[in-house]
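These notes concern the structure reproduced below.
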Amino acid sequence: MGAGAGSYEPRDRDVTPVEPSATMRAQRPAGLAPAVDATAESLPFDDDTFDAAMTTFSVHQWGDLAAGLAEVRRVTRGPVVVLTCDPALLERFWLAEYAPEVIATEARRYPESEVIGTLLGRGAVVGSVPIPLDCTDGFGEAYDGRPERLLEPEVRAAMSAWSFVGDAVHARFVRDLGADLGSGAWDARPGHLRTQPTFEGSLVLVVAG
């Protein structure tokens with residue numbers, strides 16, 4: 001669900017991608033299966049069609065979370081896996097000190113992981129997903145140990161949360177973080193993250209059998 005351009009799709013499985021955005025479907029490389037034009041809330045498949053279902057960073061964009069998860073559950077006879085962010089854990093990221101508006105924006109967008117688990121049922125469990133220091137994905141917490149990267153406008157532009165805050169927030173963030181990096185104040189506080197192999201932030205995996 002929410003397959004996008006296919007970045008998260010396993011290459012060793014028979015995958016049926018679902019993506020409602022024509023723009024994202026057009027970006028899929030030739031080697032991947034064409035994506036079905038549908039939303040999670042209205043899936044054009046029979047009951048118990050799939051062995052398993054997966055969605056990554058998409059449930060917060062669904063128009064009706066309960067309806068979407070019910071549909072995913074309906075068409076899946078096996079496990080359902082949801083990779084998402086838990087809003088209750090966002091404050092773990094040092095960004096909350098420099099751009100609380102961004103954290104607040106993310107917290108409003110993401111549903112609580114316990115809610116997702118309850119809606120999915122079947123003994124759903126929630127587990128933390130450690131983020132590696134050299135994570136190549138471009139979401140915010142991937143740069144927990146590489147703060148200089150967040151000073152780059154193009155890096156922030158790749159994160160949707162930053163599009164919801166004004167230029168003044170961007171300017172203040174760059175000024176304050178830049179000053180603290182220059183003075184060593186940042187390294188004196190969360191600087192240990194530069195060498196910490198993983199960071200346990202808000203990234204969680206909800207798995208329902």
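The values are calculated or read from the model by the stated rules, or taken from the named source; none is laboratory data. Everything quoted here is computed from the prediction, not taken from an experiment. Note that each Cβ is placed from the backbone with ideal geometry, even for glycine, and that neighbours are counted across all protein chains shown. Ligands, DNA and RNA are excluded from the accessible area calculation, which covers all protein heavy atoms including side chains. Shrake-Rupley method; radii C 1.70, N 1.55, O 1.52, S 1.80 Å.
A few comments on the model shown:
- All Cα pairs of the stretch 1-134, percent lying beyond 21 Å: 47
- Rounded to the nearest whole Hz, the Karplus-based 3J(HN,Hα) values (6.51 cos²θ - 1.76 cosθ + 1.60, θ = phi - 60°) of the stretch 126-137 follow the sequence 10, x, 6, 10, x, 9, x, 4, 9, 3, 8, 6, with x at glycine and proline.
- The value of relative contact order for the stretch 1-155, using C-alpha pairs under 8 Å at least six residues apart, is 16 percent.
- Distances between placed amide hydrogens fall under 5 Å for PHE50 paired with THR76, ARG77, all partners being 5 or more residues away or on another chain.
- Between VAL125 and ARG172, the contour length at 0.36 nm per residue exceeds the alpha carbon distance by 13.0 nm.
- Beta bridges assigned by DSSP with both partners in the chain are antiparallel in approximately 70 percent of cases.
- Largest-first principal axis extents, alpha carbons of the stretch 122-209, Å: 49, 30, 19
- Rolling a 1.4 Å probe across the protein heavy atoms gives the chain an accessible surface of 49 Å² per residue.
- Computed from the C-beta positions of THR198 and GLU152 and an R0 of 22 Å, the FRET efficiency is 0.45 to the nearest 0.05.
- Estimated FRET transfer efficiency when R0 is 22 angstrom, pair ASP47-VAL115 (beta carbons, to 0.05): 0.40
- Gyration tensor verdict on the stretch 58-209 (Cα atoms; rounded if a/c is under 1.5, prolate if a/b is larger than b/c, oblate otherwise): prolate
- Distance between modelled label sites at VAL81 and ARG13, nm, 7 Å Cα→Cβ extension: 0.5
- For the stretch 84-197, with all protein chains in place and a probe radius of 1.4 Å, 57% of the accessible heavy-atom surface sits on carbon or sulfur.
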